[in-house]
Amino acid sequence: MTQPTARTSLLIERRFDVPPETVFATLTVPDEMRIWWGEDAEIYIDLRVGGKWTIIRQEDGVKYLATGEYLGVERPTGLLYTFGMPQFSPASDLITIRIEADDGGSLLRFEHSGSDIAAELRDLPPGETSPSEAGWQLGFDLMVEAWADQKER
């Protein structure tokens, strides 16, 4: 009898009813990124290979810092960047995003890999959603809500 293979990366696939350019902008333009991070977030983006990014936000009196470096930028179809939150771990994981045109909308393929997510997934009870997946999915849900609100205006 074979043992199930442990997941070492988080894979998410989502379809959106907006073009790839809109998805890409929401992931890379500070004013658009506030959909994810909140209106009061401080967002610094140097969108080029080797460029750094930093997001600082406060929640319940706690300041959170997310930071990384862009390793690949292909407008509007892909991003590759490191992702770290130093208050939780000294490690940085890797985020790979592919965006394809799909029947008038977009198909996003998202992968979060690295030592921190591998440990989180390894310790996850069977059938449960990891905190990281819940967070990323919430961000994608917020994008859909924001685009629907923009359409209604």
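Just so you know, all these numbers are worked out from the coordinates, no wet-lab data involved. All figures in this text were calculated on a predicted structure; none of them were measured in a lab. Positions of Cβ are generated from backbone atoms using ideal geometry, with glycine treated the same way; all protein chains shown enter the neighbour counts.
Results, tabulated for the structure shown:
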quantity: Segment 61-153 shape via C-alpha gyration tensor axes, a/c threshold 1.5; calculated: prolate
quantity: Paramagnetic reach from E59 in segment 117-143 [backbone N under 15 Å; point 7 Å along Cα→Cβ]; calculated: 130-143
quantity: Simple spin-label estimate for I12 and R122 in nanometres, 7 Å along Cα-Cβ; calculated: 2.3 nm
quantity: Average Cα contact separation per residue, the chain, under 8 Å, 6 or more apart, as relative contact order %; calculated: 26 percent
quantity: In order through segment 12-28: 3J(HN,Hα) via Karplus (6.51 cos²θ - 1.76 cosθ + 1.60), integer Hz, x for Gly, Pro; calculated: 10, 10, 9, 9, 10, 8, 9, x, x, 4, 5, 4, 4, 4, 5, 9, 9
quantity: Likely footprinting exposure, L94, L138, fewest C-beta neighbours within 10 Å first; calculated: L138, L94
quantity: K151, K52 arranged by Cβ crowding within 10 Å, fewest neighbours leading; calculated: K151, K52
quantity: Taking D60, D40 and counting other C-beta atoms within 10 Å, the order from fewest to most; calculated: D60, D40
quantity: GluC sites (Glu not before Pro) restricted to segment 1-110 and DSSP loop, no more than 12 other C-beta within 10 Å; calculated: E39
